[in-house]
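Peer 1: I have a structure I would like to understand better, so I am pasting it below and will then ask my questions one at a time.
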Amino acid sequence: MNIFGKLSWFFKKESKRYIIGISLLALTSLANLIPPSVLGVMADKLDAGRISWKDYGLLVLAVIATAVAIYILRYFWRKQIWGGAAELERQMRSKLYRHFMIMDRTFYQRHRTGDLMAHATNDVSAIQNVAGDGILTLVDALVIGISTMIAMICFVDFRLTIIALLPFPFLAWGAKRLGNRLHNAFDKSQATFSHLNNKTQESVSGMKVLKTFGQGSKDTNSFDQMVNQTIKINKRVFLWNCLFDPLGTFIVGTTYAITIIYGGLLVKNNMLSIGQLVSFIAYIGNMVWPMFAIGYLFNILERGSASYDRVEKLLKEKPLITDAQADDSLTAQDINGELDYHIRSFAYPDEKDVPVLKNINFTLKPGQTLGLVGRVGAGKTTIIQLLLREFDNYDGQITLNGYDIRKIPLNVLLRQISYVPQNNYLFSTSIQKNIAFSQGDADQNQIIEAAKKSDLHNDILQMPFSYNTLVGENGISLSGGQRQRISIARALLKHSQILIMDDALSAVDAKTETEILKSLRQERKNKTTLIATHRLTSVKNADLILVLKNGQIIERGTHEQLLAENGWYADMWQRQELEEKAGE
């Protein structure tokens, strides 16, 4: 029952709705007591041979009127209670989604996509059932059970009631024992479902890779093993859940046996009428639902409790990157100026003893372009991640126009940055909407202009529906170069103070790269640009080029200066020129 305490914040907020719904539900349950009484009266009249057609008609009319009243009451209590359950689902899903939006990189490194999806779907549905079926079952079972027992005592016989209901405490004891086991079993079941959900998501997303490497059968076997494990764990849930019904059936059977034996003796000794015994047996029929409801209720509550704990554990996680030190008075105009990096050292949170950046110092004025080059793992992307504030735990300072970026509100800082990552993500919609993603109010001419700057316009015109062509999930219908250029167009449309391109031209040919870089030089005359790349032609015209190795700057200067040094940059330039000529 502690799940109701956990959800008390919601029930307090929706108290009016639930008071009305529970009141109507209670009236519905009380109305269900009328038909057994009518049957008892009819049985007594039939036994005495004193029933007329008028009496018969009135009694049937009473049953019909009760049925109509129950129908109307049931409609309105369902509207209130299940409406409340739908509202809880809406709030929980919104709360989770907002939480996902504010969490940072480390959160998504700890939690896989499939697991988060399971929390947002399966777990939230289990919590919703508590506010819907859980409230219904609890209130309905209590009202029907208590009112039926009162009716048994008042309208039939208190001795028969007490003796017939003697088995009930055993049902409560058994329900408590089984409920504890069900909670633990369901918690494991939900965790297993999360793993299965994640496996499915990864396999579907990586279907091309699986087929290309001929790993389809192996992955299918792995999936089958996971499904078997899930079924095995769910069998434990079903085992404890299914034990409720046999327990309830045994209690009901015992109650009927006691009623028939002891009730028959009372009738034989003229201490009870036939009509009263008929009413009592009908009342026992009413008690069947409350007895079975105990098992059903424990199932709902334990599932909901386990799911709520899982969701709450997720919601309690805090982002490492916050605006705790931010100056809310800062605006975009305040930070429009020089970009200064002074990083003494930086290590990832989970590897604090292994610095990945050391002594990174440089300054960029508005309109200048920085090139970051070096081998894989040299630290190029890490420098970019610090500017995007994916990590704040570095020794040093990064400033914009003299303001430490950790003191700039995130929404102000990130609005001034356009980012084209290594792995481009496109939404499953049209090319036009993917380009306009950064500027929802952009018109068609602005979108076309951005596409031209990324040398994509002519390609789009060749497509079946031009700018309205659907790209499929994550741009599956496009080539790698086209996906990159859509991402570049999206970034250029934003007209941000800072443009970051992290190996964003790796999938385009040399001619296309030249056209894009030419457009960038014209577009970014008064704005700052950072280009991280393995292809040195991408940074040939940069105002400053940094060569990185093991997180440190080993060379710096312009293209001409670095060639004159005859170091790593000059050697790599010559190699890439030879490769290009050999390719031609």
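Peer 1: So how long is each side of the chain along the principal axes, counting just the alpha-carbon atoms, biggest first, in Å?
Peer 2: 120, 53, 50
Peer 1: Using Cα centres only, tell me the gap between region 15-37 and region 217-238 in whole Å.
Peer 2: When both Cα centres are located, 44 Å separates them.
Peer 1: Where the only charges are on Cβ atoms (+1 Lys, Arg; -1 Asp, Glu), what is the dipole of the chain about its Cα centre, to the nearest 20 debye?
Peer 2: So the dipole magnitude of the chain works out to roughly 1400 debye.
Peer 1: Ignoring solvent entirely, what values of log10 I(q)/I(0) come out of the Debye formula for region 484-539 at 0.17, 0.22, 0.27 Å⁻¹ when each Cα is a single scatterer?
Peer 2: -0.49, -0.85, -1.33
Peer 1: Now, a different point. 7 Å from Cα along Cα→Cβ at both Tyr108 and Arg159: what's the point-to-point distance in nm?
Peer 2: For the pair Tyr108/Arg159, the computed spacing is 7.5 nm.
Peer 1: Hey, could you grab the Kirkwood Rh for region 305-417? Inverse mean 1/r over distinct alpha carbon pairs, Å, one decimal.
Peer 2: Over region 305-417, the inverse of the mean reciprocal pair distance is 15.8 Å.
Peer 1: Right, next: Report, in whole Å, the centroid distance computed from the Cα atoms of region 309-377 and region 469-545.
Peer 2: The distance from the Cα centre of region 309-377 to that of region 469-545 comes to 22 Å.
Peer 1: Moving to a separate point now. Among DSSP beta bridges whose residues both lie in the chain, state the antiparallel percentage, nearest 5.
Peer 2: If I count the DSSP bridges inside the chain, around 55 percent turn out antiparallel.
Peer 1: Based on the Cα coordinates of region 424-495, what is the per residue volume of their convex hull in Å³?
Peer 2: 71 Å³
Peer 1: When all alpha-carbon pairs of region 90-315 are counted, what percent fall beyond 21 Å?
Peer 2: Cα-Cα pairs of region 90-315 separated by over 21 Å account for 66 percent.
Peer 1: What FRET efficiency comes out for Val60 versus Leu166 if R0 is 45 angstrom and r is the Cβ-Cβ distance? Round to the nearest 0.05.
Peer 2: Working from the Cβ atoms, E equals 0.80.
Peer 1: Let me ask another. Using the eigenvalues of the Cα gyration tensor, what equivalent ellipsoid semi-axes result for region 230-306 when each is taken as the square root of five times the eigenvalue, whole Å, largest first?
Peer 2: Over the Cα atoms of region 230-306, the semi-axes work out to 37, 12, 7 Å.
Peer 1: So which of Lys358/Lys494; Lys6/Lys316; Lys12/Lys79 end up more than 21 Å apart, counting from Cα to Cα?
Peer 2: As for pairs spanning more than 21 Å Cα to Cα, those are Lys358/Lys494.
Peer 1: With a sphere of radius 15 Å drawn around the Cβ of Gly337, what net charge do the other residues whose Cβ falls strictly inside it have (Lys, Arg +1; Asp, Glu -1)?
Peer 2: -1
Peer 1: When the convex hull of the C-alpha atoms of region 1-109 is computed, what volume per residue in Å³ does it have?
Peer 2: Output value, Cα hull per residue: 136 Å³.
Coordinate-derived values only; no laboratory data. Bear in mind that the values here come from a model prediction, so they are computed numbers and not experimental data. Ideal geometry is used to build each Cβ from the backbone, glycine not excepted, and the neighbour counts take in all protein chains shown.
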